[in-house]
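Structure first, commentary second.
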Amino acid sequence: MKSLITFQISESQSIRIVIDEQNKTNIYGYKVERLHVFDEVEVEYVCDNQVIVLARDTVQHIVTVFFHILKKSLENKLQLDTSLAIEKVGYFFSQKMYLSVNESEEKDDIFSKYWVWSSPDNIQTWLYNVDGKIYLEISQTYPWLFSDPDEDESYVSFDDYMKNYKPIAIVELQEMLVQIWINQCHAILQSIEIV
């Protein structure tokens, strides 16, 4: 895997977008040397050499979504809903989804404006503003929201899972850093081949 871009958070933390150069996958089969708009990439959160996959999609989608939500956060347009709490967006998301699936509670969409990416492994990435500050939250949702556990899985009840819930990461981002990330996104969007 080759890192296309790294969004440095601290010395030990970063988010990076990587591509498999050896077996590059283009969802529409385009064969080009340079980075193509439909090339598949992976977003990874790296912390102390531990790697967690945050998303897999086309480079254009991944970077465009991040670019736009970063701009909104810098403009203070992602004020956290008063029904949510800092460091617990993922907690409330799991709770709301569980109730909507299992108890037919109506699903309010108070989460989508903060949602950056989602991974196949139930990892969610959120970005929001609280009191003029910008926060990045990475959280895991309850693994059995939409499916039953496999026979060989170590199942945990929803209540037990929520008792022990904590986000994977919660980071306050400085405005200058967010602007650097916006510039990095812009540069990669300008460099990708469309045809």
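What follows is calculated from the coordinates using simple rules that are stated; it is not laboratory data. Predicted model only: the values in this text are computed from it and were never measured. Here the Cβ positions follow ideal geometry from the backbone for every residue, glycine too, while neighbour counts run over all protein chains shown.
Add -39500 (n - 2.57) for each DSSP H run of 4 or more in the chain, then divide by its residues: what number comes out at 222 nm, to the nearest 500 deg cm²/dmol? Display every interim value, and only then the final one.
Numbers: 4 runs with 53 residues, N = 195.
Helices in the chain give a 222 nm mean residue ellipticity of -8500 deg cm²/dmol.
Counting DSSP beta bridges with both partners in the chain, what percentage is antiparallel, nearest 5?
Antiparallel: roughly 95 percent of the beta bridges in the chain.
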**Most fluctuating residue given options 152, 57, 160, as computed from a GNM of the chain linking Cα atoms under 10 Å** = 152
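Could you list the trypsin sites (Lys or Arg not before Pro) in the range 1-97 that lie in coil according to DSSP, counting only those with at most 12 other Cβ atoms within 10 Å of their Cβ?
On the way: sites: 2, 16, 24, 31, 34, 56, 71, 72, 77, 88, 96; in loops: 24, 31, 34, 77, 88.
Counting only loop positions with at most 12 other Cβ atoms within 10 Å, the trypsin sites (Lys or Arg not before Pro) in the range 1-97 are 31, 34, 77.
Mind sorting 162, 97, 176 by how few other Cβ atoms lie within 10 Å of their own Cβ, fewest first?
Numbers: 162 14, 97 17, 176 8.
Ranked by crowding around the Cβ, least crowded first: 176, 162, 97.
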**Fill in**
Simple SL model, points at 7 angstrom along Cα→Cβ for residue 133 and residue 71; separation in nm is 2.7
**Asked** Which residue, 50, 140, 124, has the most motion in a Gaussian network model of the chain that connects Cα atoms within less than 10 Å?
**Response** 50
**Prompt:** How much length is gained on full extension from residue 110 to residue 176, taking 0.36 nm per residue of separation minus their Cα-Cα distance?
**Reply:** 21.0 nm
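Could you sort out which of 113/166; 96/163; 71/96; 113/163 sit more than 23 Å apart by Cα distance in this structure? Could you put the intermediate results ahead of the total?
Values: 113/166 21 Å; 96/163 15 Å; 71/96 27 Å; 113/163 26 Å.
Beyond 23 Å: 71/96; 113/163.
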**Request:** Between 42, 33, 137, find the one with the highest GNM mean-square fluctuation for the chain; connect C-alpha pairs within less than 10 Å.
**Result:** 33
**Request:** Only one of the values (i) 33, 20, 17; (ii) 27, 18, 16; (iii) 29, 22, 16 was calculated from this structure for semi-axes √(5λ) of the Cα gyration tensor in Å; name its label.
**Result:** (iii)
**Request:** For residue 2, list the lysines whose Cα falls under 26 Å from its own Cα; do not include residues on the same chain fewer than 8 positions away.
**Result:** 24, 31
